[in-house]
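The values are calculated or read from the model by the stated rules, or taken from the named source; none is laboratory data. Every value quoted in this text rests on a predicted model; they were computed, and no experiment measured them. Cβ placement follows ideal geometry from the backbone for every residue including glycine, while neighbour counts extend to all protein chains displayed. With ligands, DNA and RNA removed, areas are computed over all heavy atoms of the protein, side chains included. Shrake-Rupley method; radii C 1.70, N 1.55, O 1.52, S 1.80 Å.
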Amino acid sequence: MTQIGTPENPLRVAIVGSGPSGFYAAEHILKNDAAHAQVDLFDRLPPPFGLVRGGVAPDHPKIKSVIRVYEKTAAREGFRFFGNVKVGHDVEVGDLERLYHAIVFTVGCETDRRLGIPGEDLPGSHAATSFVGWYNAHPDYAEEEFDLSCERAVVIGNGNVAMDVARMLALTDHELRQTDTADHAIEMLDRKSIREIVVLGRRGPAQAAFTNPEIKELGEMEDADVVVDPADVELDPASQAFIESEGADKTTRVNVEILREFSGREPEGKRRRIVLRFLSSPVEIQGDGKVERIVVGRNELVEEGGALRAKDTGEREELECGLVLRSVGYTGIPIEGVPFDERRGLILNEGGRVLDSHDSGHKVGHYTAGWIKRGPSGVIGTNKKDALETVTQLLADVESGTLLEPESPEPSAVEDLLAEHGVRYISFEDWQAIDQAEVGRGEPHGRPRVKFVRVEEMLEHADALDVADR
Ligand code: NAP
């Protein structure tokens, strides 16, 4: 094999998925001047940035400022963006193998984990992933419908996504209208009748997965009281011993402190209430053709394999509600031609090198980073270190010459292929124009942007600019 990573034979890498892990992988590769790398970053949607655009809550604009870092990566020599290109549909993994020395899959975990309880699919019971996509103007969820005309909504899960959706249901119209929430969602949320949002955690306050700023925020809402039953924050002896032990992290201790403070509050008579309940699992969702109530089982904590697990006590309670948002984590979707670990819902890999099967070696030239490599955990920054591990392996394979041997490594080959397949891709310049247009639409209303929702709208906008440029 001729040496790769020279000015005559630059390292050509395709990255599939332009969320944080995709951009961090691109940054780590392009920073390494010695590799003379060229990176083509693909995304199935026209806009880049994955969950930073389509997941982060609209009332958390500061978190989205990480986009500036990704824009710097996009400005590096050797970077190109191909939005609106779905790998496995518009181009196949096999096509990429013929064009690049290496492929890095950074597609995230795109779907929800199931609860596996009766009534889970009744109208009115939704995965939090679709609610999040809907309020964030994700094109896949634009047509979703949420009946917000009920008095009580139940959110299942105790992670940060559960916090986000509970808060979004409790924001006032005034608070929402300062954000980049999709217009269709603002309109519906403005008319909601929901007065109470109950959040169910299957374990106790010391086992909650949310982090301190996110739980604290629920106590600072403009027009919603937070309610915690004092009995729920009396910890069982094992949890109490745990938070007093060396093993407990600060986040857990502070979460418990915040929840104890909430439990001592008198409601201020605000228009809505967010009720946080613990040791409570959904057992069944019931209703005649749509969600009308949820059966909640009371748990106790038992020690099992060094962890405290929720065990059903058999005690039951029914809660009337019209909306259930299931927020119990994400899982990955397999890509045709990429080995997948069905049990874990991830691409089969070791430290970012994709494996052919559980007991065989590296599928040469194939890598992965981010949630689809390690699972749906951590904050945005966690993906930087994660992508570095993967890129370190990739660059070691450049050194040893164990990469793919593409038939057509020249940069124009992928453009020719997309033209042949009739795919209108979105370049980073196209995206910047769409971005500016969105920001411009927000300005008169004092909003950071008004997002385009439909892919066609975005493409039309990019096409109009291309015509204007000529
Ligand atoms: P998560 O943090 O893994 O939380 C999932 C929650 O679902 C846990 O409380 C879990 O309880 C519960 N759960 C799982 N199976 C359940 C079942 N069968 N019945 C009842 N409850 C069940 O997942 P996430 O909230 O989707 O968040 C994903 C990642 O994104 C996290 O790392 C999160 O911190 C991050 N994120 C961060 C922000 C932010 O920084 N503001 C915002 C959103 C998301 P157990 O612990 O008992 O399993």
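Odds and ends about this structure:
- Counting only protein heavy atoms and a probe of 1.4 Å, the accessible surface of segment 54-204 is 46% carbon and sulfur.
- Kirkwood Rh and Cα Rg combined as Rg/Rh, segment 115-217: 0.95
- CD proxy at 222 nm, helix term only [per DSSP H run n ≥ 4: -39500 (n - 2.57); per residue of the chain; nearest 500]: -9500 deg cm²/dmol
- Start at zero, step by 20 Å, and the Cα-Cα distances of the chain spread as 23, 51, 25, 2 percent across the bins.
- Whether segment 178-261 is rounded, prolate or oblate, judged on the alpha carbon gyration tensor where a/c under 1.5 counts as rounded: prolate
- In the distance distribution for segment 377-459, Cα-Cα pairs more than 17 Å apart total 72 percent.
- Residue-normalised accessible area of the chain, given per residue in Å² at a 1.4 Å probe: 45
- Entry note, the chain: relative contact order of 22 percent, from Cα contacts under 8 Å with a spacing of 6+ residues.
- Percent accessible area from carbon and sulfur atoms, segment 288-327, protein chains only, probe 1.4 Å: 37
- Restriction of the GluC sites (Glu not before Pro) in segment 308-370 to DSSP coil positions whose beta-carbon has at most 11 other beta-carbons within 10 angstrom yields GLU336, GLU342.
- Remark on segment 9-64: Rg and Dmax equal 13.4, 46 Å (Cα only).
- In Å, descending, principal axis extents of the Cα set of segment 35-158: 59, 35, 26
- Helix 250-263 axis, angle to the chain major axis (alpha carbon atoms, nearest 10°): 40
- The Cα atoms of segment 325-439 give a gyration tensor whose axes a ≥ b ≥ c have a/c of 1.5 or more with a/b no greater than b/c, which makes the shape oblate.
- With kT/(6 pi eta Rh) evaluated at 25 °C and eta = 0.890 mPa s, and Rh the Kirkwood radius from Cα pairs, segment 219-285 diffuses with a coefficient of 182 µm²/s according to Stokes-Einstein.
- Helix 382-400 and the longest principal axis of the C-alpha atoms of the chain enclose an angle of approximately 30°.
- Ordering of 71-77, 167-173, 146-152 by packing [mean C-beta count within 10 Å, highest first]: 167-173, 146-152, 71-77
- Separation in nanometres of the label points that stand 7 Å from Cα toward Cβ, at ASP288 and ASP121: 2.3
- Using alpha carbons only: equivalent-ellipsoid semi-axes of segment 45-94, gyration tensor based, whole Å: 24, 17, 6
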